[in-house]
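Quick notes on the structure that follows.
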Amino acid sequence: MARQLRSGVGWRVGWEPEALSFQALVGADDWAVELTQTEFDDFCRFALQLSEAIEQMRSELMEEEAIACEASNDALWMEVRGDCDAYQLSFIVLTGRRAEGCWSIEATKEILRVIQMVQVF
């Protein structure tokens, strides 16, 4: 499988399965960080779980109510923050080189859409 890079306004997601150390890249317009396959797998899983959690809470929240949800393990911490229709995604890599990033509400929607199709990479 060849190297892939998907990008849009405020976001980037890349995948190179043959790379020795870091197979994935996530970033925005002015920053990027490489992730190992395990970190990227966790990143995708947590992002989708958090998005699903926000959707499941939709009926419990009042229209103007904001929420934050977190997921983490020893290697990665992630958070979505906002309301059910508009939230931003943040993460921190907790091991080795350590890194953090955050996407705008608009970019978060696109990141979530792309990582749902990650099997295409």
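The values are calculated or read from the model by the stated rules, or taken from the named source; none is laboratory data. Fair warning: this is a prediction, and the values are worked out from it, not measured in the lab. Neighbour counts are summed over all protein chains in view; Cβ atoms, including those assigned to glycine, are modelled from backbone coordinates with ideal geometry.
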**OP:** Could you please let me know if R3 is under 17 Å from Q116 (Cβ atoms) and basic (K, R)?
**Re:** no
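Given the criteria surrounded by fewer than 17 Cβ atoms within 10 Å (Cβ to Cβ), closer than 14 Å to V26 by Cα and without any contact (Cβ under 8 Å) to a residue 24 or more places away in the chain, does D41 qualify?
Details: surrounded by fewer than 17 Cβ atoms within 10 Å (Cβ to Cβ): yes; closer than 14 Å to V26 by Cα: yes; without any contact (Cβ under 8 Å) to a residue 24 or more places away in the chain: yes.
Judged against the criteria, D41 is a match.
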**OP:** State yes or no: is L94 modelled with pLDDT of 95 or more, among the hydrophobic types (A, V, I, L, M, F, W, C), surrounded by 18 or more Cβ atoms within 10 Å (Cβ to Cβ) and on the phi < 0 side of the Ramachandran plot?
**Re:** no
**OP:** Scan the stretch 4-13 for residues that are touching a residue at least 12 places away in the same chain (Cβ under 8 Å) and surrounded by 14 or more Cβ atoms within 10 Å (Cβ to Cβ) and jot them down.
**Re:** Q4, R6, G8, G10, W11, R12, V13
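Quick one: how many residues across the stretch 58-74 are closer than 21 Å to V33 by Cα and either polar (S, T, N, Q) or surrounded by 17 or more Cβ atoms within 10 Å (Cβ to Cβ) (or both)?
Our first condition is that a residue be closer than 21 Å to V33 by Cα; within the stretch 58-74, this holds for 70-74.
So of that shortlist, the ones also either polar (S, T, N, Q) or surrounded by 17 or more Cβ atoms within 10 Å (Cβ to Cβ) (or both) come out as 71-73.
Selection size over the stretch 58-74: 3.
For the stretch 75-87, enumerate the residues that are surrounded by fewer than 18 Cβ atoms within 10 Å (Cβ to Cβ) and either farther than 29 Å from L25 by Cβ or not aromatic (F, W, Y) (or both).
So the first thing to find is which residues in the stretch 75-87 are surrounded by fewer than 18 Cβ atoms within 10 Å (Cβ to Cβ), and the list is 75, 77, 82-86.
Selection gives A75, G82, D83, C84, D85, A86.
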Original post:
What residue, among those in the stretch 20-31 that are of a type outside the set (S, T, N, Q) and surrounded by 15 or more Cβ atoms within 10 Å (Cβ to Cβ), is farthest from D74 (Cα to Cα)?
Top reply: A28
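Would you check if R12 is not in a strand (DSSP E or B) and not aliphatic (A, V, I, L, M)? Steps first, please.
Values: not in a strand (DSSP E or B): no; not aliphatic (A, V, I, L, M): yes.
Spelling it out, it is not the case that R12 is not in a strand (DSSP E or B) and not aliphatic (A, V, I, L, M).
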Original post:
Which one of these does I111 not meet: (1) in contact with a Cys (Cβ under 8 Å, 6 or more places away or on another chain); (2) outside any strand (DSSP E or B)?
Top reply: (1)
